[in-house]
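I have placed the structure first, in the form of structure tokens, so that the comments after it can refer back to it.
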There are 4 protein chains.
Amino acid sequence: MIEAAVIGGSGYTGLELLRLLAGHPEVEITAVTSRQMIGQKVTDVFPALGGRLGGLDRLVFEDPDPVHLAEKAEFFFTAVPHRTAMEIVPLLLNDRAKVVDLSADFRFRRPEVYQEWYEPHLAPELLAEAVYGLPELYREEIKKARLVGNPGCYPTSVILAAAPLLRLGLIEADVIIADAKSGVSGAGRGLNLTSQFCEIDDGLMAYKVTGHRHTPEMEQELSLAAGRTVKVSFTPHLVPLSRGILSTVYAPLKDGLEAKALVELFHDFYRDELFIRIKKPGELPHTLDVRGTNFCDLGVFPDKRTGQIKVVSVIDNLTRGASGQAVCNMNLMLGWAEETGLTGLGLRP
Amino acid sequence: MIEAAVIGGSGYTGLELLRLLAGHPEVEITAVTSRQMIGQKVTDVFPALGGRLGGLDRLVFEDPDPVHLAEKAEFFFTAVPHRTAMEIVPLLLNDRAKVVDLSADFRFRRPEVYQEWYEPHLAPELLAEAVYGLPELYREEIKKARLVGNPGCYPTSVILAAAPLLRLGLIEADVIIADAKSGVSGAGRGLNLTSQFCEIDDGLMAYKVTGHRHTPEMEQELSLAAGRTVKVSFTPHLVPLSRGILSTVYAPLKDGLEAKALVELFHDFYRDELFIRIKKPGELPHTLDVRGTNFCDLGVFPDKRTGQIKVVSVIDNLTRGASGQAVCNMNLMLGWAEETGLTGLGLRP
Amino acid sequence: MIEAAVIGGSGYTGLELLRLLAGHPEVEITAVTSRQMIGQKVTDVFPALGGRLGGLDRLVFEDPDPVHLAEKAEFFFTAVPHRTAMEIVPLLLNDRAKVVDLSADFRFRRPEVYQEWYEPHLAPELLAEAVYGLPELYREEIKKARLVGNPGCYPTSVILAAAPLLRLGLIEADVIIADAKSGVSGAGRGLNLTSQFCEIDDGLMAYKVTGHRHTPEMEQELSLAAGRTVKVSFTPHLVPLSRGILSTVYAPLKDGLEAKALVELFHDFYRDELFIRIKKPGELPHTLDVRGTNFCDLGVFPDKRTGQIKVVSVIDNLTRGASGQAVCNMNLMLGWAEETGLTGLGLRP
Amino acid sequence: MIEAAVIGGSGYTGLELLRLLAGHPEVEITAVTSRQMIGQKVTDVFPALGGRLGGLDRLVFEDPDPVHLAEKAEFFFTAVPHRTAMEIVPLLLNDRAKVVDLSADFRFRRPEVYQEWYEPHLAPELLAEAVYGLPELYREEIKKARLVGNPGCYPTSVILAAAPLLRLGLIEADVIIADAKSGVSGAGRGLNLTSQFCEIDDGLMAYKVTGHRHTPEMEQELSLAAGRTVKVSFTPHLVPLSRGILSTVYAPLKDGLEAKALVELFHDFYRDELFIRIKKPGELPHTLDVRGTNFCDLGVFPDKRTGQIKVVSVIDNLTRGASGQAVCNMNLMLGWAEETGLTGLGLRP
């Protein structure tokens, strides 16, 4: 058993981490922090976690004091806003500690990119060390890392859809269209008008139509996959559901590729992956099939008529798009089977 | 007062037509047909329409016998499946009759296109006469028509978004991406597993990822707008809401165009249109703002970074995407103000 | 045309009032106030109301200065929180002014009851003058009133269901059970965690299980209807929808009453009412049938086996439960047909 | 490892059983039947269950031939409609077999009651042997049973709420009010208009307001708990969510009981129960807290003012209300810890 702490445990990402870790056979949660909820019982704030089965009734939200925390755990999940993460992670990373950071702070290869889209980086040396935590692309690096930058929800769905196209040289475009639709939990548990039920229910909107901060993360990884600069024309949409992202990726396809062959290429690309499921031709990915899981289901749809390929990708934004992937990264970093604690199937309906 | 009949009145399109016509000051509904519900009171099937205020309690679903119907009304809405429409419309179109057909049967300029995507056309001479019922593009033709092919819901949302780009020569691409998200009422009132609540609620899927039959309708109109052949890479998605379509249209933008100027160009293009509302820069179209109305709200988002333009379009698929547009077309065909009976504002929340 | 002002126009009740008044043929809106949004265009805050059709684009939220307002209108809707209403209404009520107050401040006959459930009343003399604005029970009094206390949403649904039972002496119980389920718009447009989408979506909860402030309003009216003290064991529930209340009222039924006769008695009781629809035996009220309307649909279900009667009542909490009823009251107070501006049918689906 | 079969595996109850059994450490699923889907892969019909992690990819729906099945498994879940269950269960129950039946066929003590609400019983001798599968009330009997009648979803929620009141003699009424609100999955996966998304979304209705077939089940168990005949005035409602039942139980409370004491009495009554969580005073049960789990959360609300007690009960109708409880019963029948395979926490949001 390893002692783990969740820094910033009062949001939806924290809640999902606690749910997953409560069922993880190798982990004991020894601390959960929240500035807003210091002193409150975790299971009073989140009654879903309560009861003897969960084993979390003893946990109390505490102040995120890094010195104190460093003694209480050897593995840390930082589920705090960006900037806060790069302030706190250096203080946690002592000799034995390992960290998965769920903010944006350790996802970028180049501090200039972070600065352009966010602000000046406070820990560029750690940024250089951090590994981008997408197991399908960086499994071996993650195993050796002590700091992993856990990917964003949208980037996870888009990169897993588009990376095979670029790695395998199936498309030559410099701009990829990524039209993504997300459930509302991606906006977090903080109060804002846009997330109020009556502003969402039975409705549909696009938001941050240009300039969403997940864009440079996709562009970094897809450019690396392509071996050239690739831009992403990314549009996020808010749909009336709690969990789930569906991303539809469009690009002009190279000539002469057969539909069936393309699906096969995706199968090959992800052949040994436990958490990727490629749909057979004609089958449609559905976010409900991945709800509460670490799966990414992919549908590959070449369209001869227009010369385009479309790849449809579905994930649960809280699990695969955040906390489930974080647990998977922890499993790799600690030498456990990567599916440990992540074997539940999708809750459908 | 004109006497109007609704042929095929037991689906959601029929229900919406009846709702709108009940509030129309110039129309008396004299017949409503439904093969499945012959003899049932309309307001028993649709209690929302009941009561003395609606004035529909006397209506009974009857058999769609064209000869009999031709005597009962002079204006006809055919809200029946494709093929059935082209069988029945020729029988209705006597000397005085006018028809708005809500099926796909009279939307195409060339019978070959209809044949390619549907089946051989049974009334090609009427097809040649029919006018495509998008008032913003064909107002004068509609005024003179006796047969209007009412546009599909997806095409309405996509064409209104993309036509200005092509008419004004702002884009040069031969393929336009149209990523559309629709509420479930677009699938109709018939029973099918995909429309069951538990298959939709809190989930998200793409469907008919290639080859949706609304594609040729968009391509016909956008090619006409462009003066060259334009293809549409169209992907429909099903989202958990009842009414509403949001379409996000992507295309590479010609160089040198300013963001603000683009929004202005859209304003100019639709300057006199009552049912088009262009969003100011930064504002976001929301399907709830158009719910139950004939509005199409458009947001124009040029993206210098990627060289793309995105246009976001929202409509109510049952109103602007079907029955509201049909009533608007009737108003034009009968010489009334086009907003007659369509002045209600969006039901929000 | 009469000049009307909406005091407190930035919540959902205000939005619904503006939607209805925009379509009212006899009303011109001359002022809309909101402390939080002074200087903002009404149609920027509520784009659903925008465009030339609505005619509201010129309106700007202004400060609720009563002196100034008294000059700008002769009819006032106060859609402000309780306490604020009893502060402002006395300042508005000059010689010619009439007011419908949508808060709780003018609903009670006795200031002691208000004090017990809220706080000491600041305008007891106006309270004595005010009429409880439920047209089915107090139509003639409303016509003569200059101040109407518009009923609460839950009380409207429960009183309309239970009043016939008590007035007609069909039940003798001293306690009536009222189990009510409401959409989230009843909680208003203010930010709170309980109204965030992810706390509501796909879930269900009871709240304020004892002591909800709408209880004394029901008890006042049902005791008056019964001619004796009647208590209501009231439980509100929050359900994942935006608009709609369904209340299920339970009471032991007097012996010897026939099911069919009971439905008939309800029909008779509400015989001339335009906005009440009694379901035939076997038919089920559905909130979607009344969405956006001033209807209350009632189902009457005697149960011989248990000796109980159940009455199921559905309304739209924003329309019949607030703004629609307010407009209806205005119509009565100004001598117009009570359905003026309220003839739209339910938006279904 | 025990070999288990799911008879009737293509509905939502079957799907939930398969999800739970896939994660059960002691069970191997050796057969799944469905008359409609013979020959189809289980994971093609239910892609949520697919992939190597689930281990179900080899399963194919087969014909429910009892003789053949009796050889393939020693434990059976029958998730078929009533009547079918009592036809098939006698054929399965050989020497070694044990059965949990999820239909209504083995829930009643007296065949006359079954006959009155359903039809004549075909296996009255098995009915006499069967144990009502509510572990909190019949744990020891279940452990010894070879046939368990798994309780209905509504009865589970209502009985767990009301049994303490009656067993402890806290109420003396002969009629209890049970107002229940259910998600749509309770209606099953079969096609019907009432379950179509657009008939449910954003709406609310009561149904089977008198005479729902779950009534006699509640009355049987609550009469046993009380030691006298108790009737239940039961009203089910359909709410727009997939999973979850909230039942609000009302009864007049005996005089002189303190609120805090009542909550304590519930705590004591369910002291050793893993799957019951009693809310502290002021806390509110929420269906999202139990989603996907076997928990029943209870809130106890005495109301001095009206002399009534209200108990609010929430369960997941597919898990605690069907398949989770069935697995729990299997665990007891086979001598395993009753929480085996049921330790997942609620998926929230």
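Every number here is computed from the coordinates shown, using simple stated rules; none is lab data. Quantities reported herein were computed from a predicted structural model and do not represent experimental measurements. We place every Cβ from the backbone using ideal geometry, glycine too, and count neighbours over all the protein chains shown.
Normalised by the number of residues in chain A, the mean separation of alpha-carbon contacts (under 8 Å, six or more apart) gives a relative contact order of 17 percent. Taken about its Cα centre, the protein assembly as shown carries a charge dipole of roughly 0 debye when the Cβ of each Lys and Arg holds +1 and the Cβ of each Asp and Glu holds -1. Axis of helix B:135-144 versus longest Cα principal axis of chain B: the two differ by about 40°, to the nearest ten degrees. Label positions at residue A:343 and residue D:139, each projected 7 Å from the Cα along the C-beta direction, are separated by 2.6 nm.
Which value in Å does the Kirkwood hydrodynamic radius of segment D:153-316 take, with 1/r averaged over all unlike C-alpha pairs and then inverted?
16.3
FRET efficiency for the pair residue A:57 and residue A:272, taken as 1/(1 + (r/R0)^6) with r the Cβ-Cβ distance and R0 = 45 Å, rounds to 0.70. For residue D:244, the residues whose amide H sits under 5 Å from its own are D:183, D:317, D:318, ignoring neighbours fewer than 5 places away on the same chain, with H placed 1.01 Å from N.
Quick one: plug the Kirkwood hydrodynamic radius of segment B:239-309 (C-alpha pairs) into Stokes-Einstein at 4 °C, 1.567 mPa s, and report D in µm²/s. The estimated diffusion coefficient comes to 96 µm²/s.
Placing R0 at 56 angstrom, the Cβ-Cβ distance between residue B:84 and residue C:167 gives a FRET efficiency of 0.60 after rounding to 0.05. Applied to segment A:73-88, the Karplus parametrisation 6.51 cos²θ - 1.76 cosθ + 1.60 on θ = phi - 60° returns per-residue 3J(HN,Hα) values of 8, 10, 10, 10, 10, 9, 10, 10, x, 4, 6, 4, 4, 6, 6, 8 Hz, with x for Gly and Pro. For chain B, the Cβ-based charge dipole about the Cα centre amounts to some 620 debye (Lys, Arg positive; Asp, Glu negative; other atoms uncharged).
Using bins of 20 Å that start at zero, the share of Cα-Cα pairs per bin across chain C amounts to 31, 59, 10, 0, in whole %.
Each residue of segment C:199-207 is assigned a 3J(HN,Hα), and the resulting list reads 8, 10, 3, 6, x, 7, 8, 8, 8 Hz, derived from the Karplus form 6.51 cos²θ - 1.76 cosθ + 1.60 (θ = phi - 60°), x at Gly and Pro. Sorted from greatest to least, the principal axis extents spanned by the alpha carbons of the protein assembly as shown come out as 80, 77, 65 Å.
Using DSSP to call loops (not H, G, I, E or B), can you name the trypsin sites (Lys or Arg not before Pro) in segment D:162-234 whose Cβ has at most 11 other Cβ atoms within 10 angstrom?
Answer in residue order: D:228.
With both labels modelled 7 Å from their Cα along Cα-to-Cβ, the residue B:94 to residue B:192 distance reads 3.6 nm.
Between residue A:129 and residue D:109, the simple label model (points 7 Å from Cα in the Cβ direction) yields a spacing of 7.0 nm. Binning the C-alpha pair distances of segment B:148-239 at 10 Å intervals from 0 yields a P(r) profile of 15, 44, 27, 12, 2 %, listed from the shortest bin outward. Amide H contacts under 5 Å for residue B:276: B:296, restricted to partners 5 or more places along the chain or on a different chain, H placed in the peptide plane at 1.01 Å from N.
Given segment A:192-237 reduced to its alpha-carbon atoms as identical point scatterers, what log10 I(q)/I(0) does the Debye formula return at q = 0.15, 0.26 Å⁻¹? For segment A:192-237, the Cα-only Debye profile gives -0.52, -0.90. Farthest toward the positive end of the dipole of segment B:2-129, out of B:79, B:54, B:91, is the Cα of B:54, where the dipole comes from beta carbon charges about the Cα centre. Kirkwood analysis of segment C:2-129, using all unique Cα-Cα pairs, places the hydrodynamic radius at 15.1 Å. The charge dipole of segment D:39-167, taken about its Cα centre with unit charges on the Cβ atoms of Lys, Arg (+1), Asp and Glu (-1) only, comes to about 520 debye. Close amide H pairs (under 5 Å, H built 1.01 Å from N) link residue A:251 with A:309, residues at least 5 positions away or on another chain.
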